[in-house]
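Novice: Got a structure for you, questions after.
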Amino acid sequence: MKQTLTFIFCAAVLCASAWGADWKTTADAALGMPPAARALLERKPDKSAQDVYILTLFHYRDFQKTKLKKLESDSARALSGTPELLLLQGITLMWDHRHAESRRVLAGLVAAHPDFFPAAVTLAHLDYLRRDFERSYAGARRLIDRKKELSRFHFTVGLLVASGAKGVLAQRNLVSAIPAYFEVNGYLKEAQKQLPDSAEVLYALGTYHLLTPSIAGGDLDVAVALLEQSRRLAPLNPGVYVRLAQAYRARGLALVSRQYLEQARAIDPQDELLLDDLSGEKVFLDAP
């Protein structure tokens, strides 16, 4: 029975003849893909543009840099110049910290295909990592305003990017801190409605509780619990280890904090949040 359901799912979601340019429907359907169907898709020898798009979505969410690079290498010739391959290349470059190259690819893709919202969402995420918080926030806000045209996943990422960028910007201007607090809360509540148990949302909520003063609702215990849940779902996300390190450092547990930082370094020694923490700049903020 399970194999039959997997086959039906693959036939419905992965049928290349029904692909077209329906980025939203495909991404929404992929969110419910059973593990067996995903494994089947990964083993498929000749992947279509839709297959690559779906796998890019999964590998992006899971921080699977090695799988992204292999997928790009395997698909480069057959899908050269397609939006799906360009998105894959932009994400691969982003996770490889080649920000300028990634931005050229993604910005060019957005210009050529303005309705390809996955590229615009990734571009807003990239701008956040590049510390261009104003641009990141503006891009995410534009996407949020087009909710009906985005998949649940991409709408949620837009909300999370907007909340993160707005939180950093508020720290730079205390006059706007109070309205920003309510704005960020609104984004996070909406994200919870969309994908409540996802690694992305749990990470954002844990980060919020870590970075927010207790008088405004922050809670270190809640932060650790949420971040640990996110870590179990996406164990290759170096950022979650850095945030856990900051949480334990705030608790006065320096040894535990260092252990988490070493785990982040083992996954990705060039991670933006890790380097920000190690440098002492804390542009991406730390526990108050």
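The values are calculated or read from the model by the stated rules, or taken from the named source; none is laboratory data. These numbers come from a predicted model, not from an experiment. Glycine gets a Cβ as well: all are built from the backbone with ideal geometry, and neighbour counts include every protein chain shown.
Novice: Pro235 is checked against (1) without any contact (Cβ under 8 Å) to a residue 24 or more places away in the chain; (2) surrounded by fewer than 17 Cβ atoms within 10 Å (Cβ to Cβ); (3) under 28 Å from Phe182 (Cβ atoms); (4) not acidic (Asp, Glu) and fails just one. What number does that condition carry?
Specialist: (3)
Novice: In region 188-222, what residues are surrounded by fewer than 18 Cβ atoms within 10 Å (Cβ to Cβ) and not in a helix (DSSP H, G or I)?
Specialist: Passing the criteria: Pro196, Asp197, Pro213, Gly217, Gly218, Asp219.
Novice: Follow-up question, since we're still on this one. Just to be sure I understand the filter: pairs with C-beta atoms under 9 Å, separated by 6 or more residues or on different chains, first member in region 260-288 and within 14 Å of Thr207 (Cα to Cα), second member surrounded by fewer than 14 Cβ atoms within 10 Å (Cβ to Cβ) and at pLDDT below 95. Which pairs pass?
Specialist: Sorted first by the residue in region 260-288, then by its partner, the pairs are Pro288/Pro213; Pro288/Ser214.
Novice: Evaluate region 172-182: report whether one residue or more is free of Cβ contacts under 8 Å to residues at least 12 places away in the same chain and outside any helix (DSSP H, G or I). Can you show your working first?
Specialist: As a first pass, look at region 172-182 and keep what is free of Cβ contacts under 8 Å to residues at least 12 places away in the same chain: 172-179, 182.
Okay, now just the ones that are also outside any helix (DSSP H, G or I), so 173.
Yes, there is a match, as at least one residue in region 172-182 is free of Cβ contacts under 8 Å to residues at least 12 places away in the same chain and outside any helix (DSSP H, G or I).
Novice: Can you name every residue in region 169-187 that is at pLDDT 95 or above and surrounded by 19 or more Cβ atoms within 10 Å (Cβ to Cβ)?
Specialist: Scanning region 169-187 gives Val184, Tyr187.
Novice: Going by the structure shown, is Ser163 touching a Phe, Trp or Tyr at 6+ places or on another chain (Cβ under 9 Å), touching a residue at least 40 places away in the same chain (Cβ under 8 Å) and not β-branched (Val, Ile, Thr)? Let's see the steps before the verdict.
Specialist: Values: touching a Phe, Trp or Tyr at 6+ places or on another chain (Cβ under 9 Å): yes; touching a residue at least 40 places away in the same chain (Cβ under 8 Å): yes; not β-branched (Val, Ile, Thr): yes.
The answer is yes for Ser163.
Novice: Where the second residue is outside any helix (DSSP H, G or I) and crowded, with 23+ Cβ neighbours inside 10 Å and the first is on the phi > 0 side of the Ramachandran plot and assigned by TED's automatic domain parsing to the domain that holds Gly239 and lies in region 116-131, which pairs have Cβ atoms under 7 Å and are six or more apart or on separate chains?
Specialist: Pairs found: none.
Each row is one residue, and each column tells you yes or no for (1) in the same structural domain as Ala216 (by TED's automatic domain parsing); (2) surrounded by 17 or more Cβ atoms within 10 Å (Cβ to Cβ); (3) under 20 Å from the mean Cα position of the chain (by Cα).
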residue: Val240; (1), (2), (3): yes, yes, yes
residue: Ala254; (1), (2), (3): yes, no, no
residue: Ser257; (1), (2), (3): yes, yes, no
residue: Gln270; (1), (2), (3): yes, no, yes
residue: Asp276; (1), (2), (3): yes, yes, yes
residue: Val283; (1), (2), (3): yes, no, yes
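Novice: Can Thr66 be described as surrounded by fewer than 21 Cβ atoms within 10 Å (Cβ to Cβ) and among the β-branched types (Val, Ile, Thr)? Quick ask: steps written out before the conclusion?
Specialist: Working: surrounded by fewer than 21 Cβ atoms within 10 Å (Cβ to Cβ): yes; among the β-branched types (Val, Ile, Thr): yes.
Answer is yes for this residue.
Novice: Same structure, new question: Can you confirm whether Ala225 is among the small types (Gly, Ala, Ser), surrounded by fewer than 22 Cβ atoms within 10 Å (Cβ to Cβ) and in a helix (DSSP H, G or I)? Break it down stepwise before answering.
Specialist: Working: among the small types (Gly, Ala, Ser): yes; surrounded by fewer than 22 Cβ atoms within 10 Å (Cβ to Cβ): yes; in a helix (DSSP H, G or I): yes.
For Ala225, the condition - among the small types (Gly, Ala, Ser), surrounded by fewer than 22 Cβ atoms within 10 Å (Cβ to Cβ) and in a helix (DSSP H, G or I) - is met.
Novice: Still on this structure: Output the residue which, of all residues in region 69-92 that are polar (S, T, N, Q) and without any contact (Cβ under 8 Å) to a residue 24 or more places away in the chain, is surrounded by the most Cβ atoms within 10 Å (Cβ to Cβ). Quick ask: steps written out before the conclusion?
Specialist: Residues of region 69-92 that are polar (S, T, N, Q), as a first pass: 73, 75, 80, 82, 89, 92.
Imposing the further condition that a residue be without any contact (Cβ under 8 Å) to a residue 24 or more places away in the chain reduces the set to 73, 80, 89.
On the way: Ser73: 10, Ser80: 9, Gln89: 20.
Ranking the candidates gives Gln89 first.
Novice: Regarding region 143-157, can at least one residue be identified that is in the same structural domain as Thr25 (by TED's automatic domain parsing), surrounded by fewer than 22 Cβ atoms within 10 Å (Cβ to Cβ), over 21 Å from Asp271 (Cα atoms) and touching a residue at least 60 places away in the same chain (Cβ under 8 Å)?
Specialist: Within region 143-157, one or more residues are in the same structural domain as Thr25 (by TED's automatic domain parsing), surrounded by fewer than 22 Cβ atoms within 10 Å (Cβ to Cβ), over 21 Å from Asp271 (Cα atoms) and touching a residue at least 60 places away in the same chain (Cβ under 8 Å).
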